[in-house]
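Novice: First, the structure itself, so that you have it in front of you.
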Amino acid sequence: MPQKQGNVLLLPSQPSIIANAAVVGKVEGEGPLAQEFDFCYPSDTINGMETWEKSESELHRDAVDRAIKKSGVLKKDIDIMFAGDLLNQCIGTTFGIMDFDIPFAGLFGACSTMAMALAMAGVFCDSGAAQYAVASASSHFCSAEKQFRFPLEYGGQRSPTAQRTVTGAGAAVMGAKTNAPFIEAVLFGKVQNYGITDAANMGAAMAPAAASTISDFLRDTNTKPEDYDIILTGDLGSVGSNLLKELLKTKHNFDISAIHNDCGLMIFEQQQDTHAGGSGCGCSASVFNSVILRRLGAGELKKVLLVGTGALMSPTSAQQKSPIPSVAHAVCVCSD
């Protein structure tokens, strides 16, 4: 049963991530993590789907299907799936997983969705509400551009602070403690609003939420940055990562510069010209469910604090020039 320590939920049974999978699109498959993913599609039109939205659904279906098959758990034995994406009514997810016949709880946390799904799955497994749970998330560059900015045919110029939405999906199957990696603790973050209105500067909008959540987690668990191999954000990109480190140092008195990394900085090479890096639900989902979990399972990493960051905007709020509130959720994953 979860135990509350401040706002952190400690999970005494330490549920295991039994299996995981990550699949990505063409540009992501040309990046530095290509060998870490389960599959890199040669085109962003996934399996010949006729729309970008259906392509994203196919990505999501593929990631979940691969993770379940690798886990050896039967679909009928999975108690619940926590999943989401960036699209209205989470259609990228629901149309992808609707044939799995698994109880479904749809989530919207923007780019924080994977961390939120992992946290929910961990709490359910630790409490006994679920024996097995799935956590997953997806995004697609073209479907996100179409919804939040402009269709690709418009040819709009992207600002230097803009991040490229990752075409990718990641999924994890969680159950009772067996082999590493384990979920040790989770923290559901609080909504922050620093008045950022530029929808092309998600890093600046999300950095305050990441700083708040990391600070709260460290204080509530009485730990220091150096107790972790990586404090991994997803996804602040280059602009947000710099702001996060500055905010933590000046406002919260924590220096994470030596052990911080960001999924949006890991997934692309600089020469790929994605401006400020990667973003989208599929960014942290594909990075975490590939290289990070592999290294935790191999014992190369002992403790990782995943902090998923999400800009809680919609096309309507952006058009109305409303400030962009943000949230960050933390999941502590360990290998022993």
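Novice: Quick one: is Ile256 touching a Leu at 6+ places or on another chain (Cβ under 7 Å), surrounded by 18 or more Cβ atoms within 10 Å (Cβ to Cβ) and in a strand (DSSP E or B)?
Specialist: No.
Novice: Which one is nearest to Gly31 (Cα to Cα), of the residues in segment 167-181 that are over 15 Å from the mean Cα position of the chain (by Cα) and of a type in the set (S, T, N, Q)?
Specialist: Checking each candidate, the answer is Asn179.
Novice: From the list Asp44, Asp38, Asp101, exactly one residue is acidic (Asp, Glu) and in contact with a His (Cβ under 8 Å, 6 or more places away or on another chain). Which is it?
Specialist: Unique residue meeting the criteria: Asp44.
Novice: Further, regarding this structure: Is it the case, given these coordinates, that Thr197 is hydroxyl-bearing (Ser, Thr, Tyr) and either crowded, with 19+ Cβ neighbours inside 10 Å or part of a helix (DSSP H, G or I) (or both)?
Specialist: Judged against the criteria, Thr197 is not a match.
Novice: Shifting gears a bit: For segment 260-294, how many residues are closer than 19 Å to Asn201 by Cβ, among the charged types (D, E, K, R) and surrounded by fewer than 24 Cβ atoms within 10 Å (Cβ to Cβ)?
Specialist: Result for segment 260-294: 1.
Rundown of residues vs (1) within 17 Å of the chain's Cα centre (by Cα); (2) in contact (Cβ under 8 Å) with a residue 40 or more places away in the chain; (3) closer than 19 Å to Ala119 by Cβ; (4) in the same structural domain as Thr309 (by TED's automatic domain parsing), yes/no style:
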| site | (1), (2), (3), (4) |
| --- | --- |
| Thr213 | yes, yes, yes, yes |
| Ser238 | yes, no, no, yes |
| Leu243 | no, yes, no, yes |
| Cys263 | yes, no, yes, yes |
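Novice: Separate question: List the residue pairs whose Cβ atoms are under 6 Å apart, where the first residue sits in segment 285-296 and is under 22 Å from Phe82 (Cα atoms) and not assigned by TED's automatic domain parsing to the domain that holds Ala171, the second is part of a helix (DSSP H, G or I) and modelled with pLDDT of 95 or more, and the two are 6 or more positions apart or on different chains.
Specialist: Here the result reads Ala285/Met114; Val287/Cys263; Val287/Met266; Ser290/Glu36; Val291/Glu36, each pair linking segment 285-296 to a residue that is part of a helix (DSSP H, G or I) and modelled with pLDDT of 95 or more.
Novice: State the number of residues belonging to segment 21-55 that are touching a Leu at 6+ places or on another chain (Cβ under 7 Å) and acidic (Asp, Glu).
Specialist: 1
Novice: Could you please give the count of residues in segment 256-281 that are modelled with pLDDT under 95 and of a type in the set (Ser, Thr, Tyr)?
Specialist: Number of matching residues: 2.
Novice: If you don't mind, there's one more thing I want to ask. Quick one: would you say Gly308 is at positive phi and touching a residue at least 60 places away in the same chain (Cβ under 8 Å)?
Specialist: no
The values are calculated or read from the model by the stated rules, or taken from the named source; none is laboratory data. Just so we're clear, the structure is a prediction, and the values are computed from it rather than from any experiment. Glycine also receives a Cβ, built like all others from the backbone with ideal geometry; neighbour counts cover every protein chain displayed.
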